[in-house]
Amino acid sequence: MNLAVKTISQTIAPKLNYDVLIENQADGTVKATLLGLPDCQGLGNTETEAIEKLSQSLQNRLESAKIVTLEIEAPKAENPWMKFAGMFKDDPQFDEMLAHIEADRRELDAQMEEYYRQLDAENETK
């Protein structure tokens, strides 16, 4: 498995967007919790105050930390269906079987078209 950590060395940090859970507490206060970081919270008398305290808490936390992007390359695995690919290529009845499947598909398509045509006609009369 290949891992790559990307760090950005910029003097101006990009803006980050976070999802915040806002909860009214039983005592009348409001709690703002950063989703994904449940220990990063702000508590206030109003929603705005709770969000401001959460923002300050996050700013304090990020002063001594950094955010990096981690890319993980998925392991290369053979598609499980590939072992069946071409297994009927030499079967003398293969073309006949495909023709039968195509005929069945056309018949089913015609039945579905008729069904939807009748459904549309019923809806138009209502």
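The values are calculated or read from the model by the stated rules, or taken from the named source; none is laboratory data. Please read these numbers as outputs of a predicted model, since none were measured by experiment. Counting neighbours? That spans all protein chains shown, and the Cβs are built from the backbone with ideal geometry, glycine included.
Descriptive notes on the structure:
- Enumeration of residues in segment 25-54 that are in contact with a strand residue (DSSP E or B) (Cβ under 7 Å, 6 or more places away or on another chain) and among the small types (Gly, Ala, Ser): Ala32, Gly42, Gly44, Ala50
- Number of residues in segment 43-68 that are over 19 Å from Lys15 (Cβ atoms) and not in a helix (DSSP H, G or I): the value is 5.
- Close pairs from segment 52-68: first assigned by TED's automatic domain parsing to the domain that holds Thr33, partner of a type in the set (S, T, N, Q) and buried (at least 16 other Cβ atoms within 10 Å of the Cβ), Cβ under 9 Å, at least 6 apart: Lys53/Gln41; Leu54/Thr33; Leu54/Gln41; Ser57/Gln41
- Within the set Ala26, Ala74, Ala65, the sole residue that is modelled with pLDDT of 95 or more and surrounded by fewer than 10 Cβ atoms within 10 Å (Cβ to Cβ) turns out to be Ala26.
- Answer residue from segment 5-23, given it is exposed (fewer than 10 other Cβ atoms within 10 Å of the Cβ) and outside any loop (DSSP other than H, G, I, E, B) and is modelled with the highest pLDDT among those: Lys6
- Residue count, segment 78-94 (criterion: surrounded by 10 or more Cβ atoms within 10 Å (Cβ to Cβ) and outside any loop (DSSP other than H, G, I, E, B)): 1
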